[in-house]
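Nothing in this text is a laboratory measurement; each read-out follows from the coordinates by a stated rule. Model, not experiment: these values are computed from the prediction. Because the Cβ atoms are built from the backbone with ideal geometry, glycine has one as well, and the counts that use them run over all protein chains shown.
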């Protein structure tokens, strides 16, 4: 009888456990030689037997269909045929064997499938197929449980992000790995977010800037525009891993940026239409910041050179809706009301500053109280759950509960404690931010004019204006705007110190 021999592996473990392709082929060649079979075709390949798509195995089916005489199709074991009892290929080969068109030989299992099988042989074959499927299903379940546990522990199991590195904790076996910040690229990723948060960079100009600063992938490739976009959208950098299949979960690795910086970048992306989007073109202080109060269209800028050689910058409505008359406004006229506000900030006295500090603290008092209350709540819940977990351990040690019950409940408590730890860190940071905001606001306000004038680059001046101005518009030749909070409050109280609580509107000299 002629024979077709088939050798298959699907995992590294099978190669190293005596199931390598050469080992299978040797066993089947010896088997054919002992039984006097002549080998007409040999198939040796790597392919999972658990998947529906099996291109390599389909070549065997085609070979069997093309053979007119009866052949013996030889496998090392039943699980080399398939691990899926519902595989149509198994049914096809089985029916051909029962119809005496072929024979299926399983060398190591010492079983032959043909038309002379007894009921016991058929039952044994079915059991082996079932056990093969059970083995794969059990492995799949174990892998799923392992990955669920890893997610609960905040471990990331997919490709490492640019700015991080995979390192081996076990130098010899390299089995245990961890993720650390890449000392060569981590600070560049931080800078990437910081630059985009200024609102002065598009994805393309940011890509060019990061390449100039030396950002490349671990393989040495320059980042593409889509790569920059993916980085800006990735919450992994601020502490939250995102899986398409399992959703988001907090990871345990060091953060490259704060959540506030990430949210700021997302805000820039959503409001990109209001931001400069052609930074490669000529730069202007108000580029991308102004809207026409009459029609809502953008205000564009252009340079004009006089016969004397002097250069001037003018702004005008783009008149995209065709309802405005194009009026040109000199940049110096638009800057005039801005300088007036900056000079008012500069005139704040030390006495007024101290009073403003007290007033601003009162304005944030409600938020501070709220955050402290939340911190106390979280700490209280944490202590309660920790106490319950300690009692659970005592119950297990006293053999009042089984290990399964302990493990399940302990994991539930551990998950809750992890969530509370993350929540506590966020509220603690927020509480600290409230305490530092007041000093920052006053420092910026009093030095506003100096900061603006000393910004050597036009982009720096524009970024500062975008930081303090809100909804700037142009009506004919007049610039209108409001100040962002809390700078509006600082200016209001600086102009009218009598509005401060406790100040008499008609103070009398003290005696």
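Worth a mention:
- The smallest convex shape that holds all Cα atoms of the range 164-274, its convex hull, gives 125 Å³ per residue.
- Among 27, 446, the order by Cβ neighbours within 10 angstrom, fewest to most, reads 27, 446.
- Projected label points at residue 225 and residue 339, each 7 Å from Cα along the beta carbon direction, are separated by 3.9 nanometres.
- Between residue 46 and residue 408, the contour length at 0.36 nm per residue exceeds the alpha carbon distance by 126.4 nm.
- Computed from the C-beta positions of residue 401 and residue 153, the FRET efficiency with R₀ = 25 Å rounds to 0.60.
- Interatomic Cα distance distribution for the range 86-239, bins of 10 angstrom, percent: 9, 24, 16, 13, 13, 14, 9, 2, 0
- Spin-label pair residue 458/residue 478, simplified geometry with 7 Å Cα→Cβ offset, distance in nm: 2.8 nm
- In terms of its Cα atoms, the range 2-149 spans 54, 33, 26 Å along the principal axes, sorted from long to short.
- Between residue 421 and residue 86, the contour length at 0.36 nm per residue exceeds the Cα-Cα span by 115.9 nm.
- The calculated FRET efficiency for the pair residue 58 and residue 117, based on their C-beta separation and a Förster distance of 35 Å, comes to about 0.85.
- Our estimate of slack between residue 216 and residue 235, defined as 0.36 nm per intervening residue step minus the Cα-Cα distance, is 4.8 nm.
- Rough spin-label spacing in nm, given labels placed 7 Å along Cα→Cβ, for residue 177 and residue 255: 2.5 nm
- Take the Cβ atoms of residue 166 and residue 135, set R0 to 35 Å, and the FRET efficiency comes out at 0.70.
- As a proxy for reagent exposure, 462, 447, 34 were ordered by neighbouring Cβ count within 10 angstrom, fewest first; the result is 34, 447, 462.
- Footprinting exposure proxy for 410, 251, 105 (fewest neighbouring C-beta atoms within 10 Å first): 410, 251, 105
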